[in-house]
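Let me begin by presenting the structure, written as structure tokens, before commenting on it.
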Amino acid sequence: MGLETSEQRGAASPEKLIEHAERLKGMWDIAPRADVADLVDHVVHAVKIAGIDHVGIASDFDGGGGVDGWADASEILNVTRELVPRGYPEKDIAKIWSGDLLRVLSEVEKAAD
């Protein structure tokens, strides 16, 4: 629909935005949708490929992510609950949630100085 960028969406007519929103509604009807186990399958794969020190996940915390079992910040614990039985220790889960990002940002700041 030509609404890939924020600039295109900002310049679109109200009618086009309404049509776009209507089309997006159908996207949520697609089944089966990914769930938390599917998401963690991808995390596990990324860890195998890149290593635990190079994998991190985040969320759009106000909702709308499209993952069953992780619709918004209130369900974020479900991801950790899926990582634990797969054998991920607390230190690795901490890396996945924020540790890797914070480490990289710290290294970038050191390099910038």
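Quick look at the numbers
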{"item": "The chain: angle of helix 100-112 to the longest principal axis, Cα-based, in degrees nearest 10", "result": "90 degrees"}
{"item": "Rounded tilt (10° steps) of 14-27 against the dominant C-alpha axis of the chain", "result": "50 degrees"}
{"item": "Sorted by Cβ neighbour density within 10 Å, fewest at the top, the residues ASP92, ASP38", "result": "ASP38, ASP92"}
{"item": "Estimated inter-spin distance, LEU101 and SER13, nm [label 7 Å along Cα→Cβ]", "result": "3.9 nm"}
{"item": "In the chain, lysine pairs closer than 25 Å at Cα, eight or more apart or cross-chain", "result": "5"}
{"item": "Leading residue at positive end of dipole, the chain (Cβ point charges), from TYR88, ASN78, SER13", "result": "TYR88"}
{"item": "Under Karplus coefficients 6.51, -1.76 and 1.60, residue-wise ³J(HN,Hα) of the range 69-84 in Hz, glycine/proline x", "result": "x, 8, 7, 7, 4, 5, 10, 4, 4, 4, 5, 4, 4, 7, 6, 4"}
{"item": "Total formal charge among the other residues, if their Cβ is under 14 angstrom from that of ALA31, Lys/Arg +1 and Asp/Glu -1", "result": "-3"}
{"item": "Estimated FRET transfer efficiency when R0 is 22 angstrom, pair ASP35-ALA58 (beta carbons, to 0.05)", "result": "0.75"}
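Every read-out reported here was derived from the displayed coordinates using simple, explicitly stated rules and does not represent laboratory data. Worth saying up front: this structure is predicted, and the values here are computed from it rather than measured. So basically every Cβ, Gly included, is an ideal-geometry build from the backbone, and we count neighbours across all protein chains shown.
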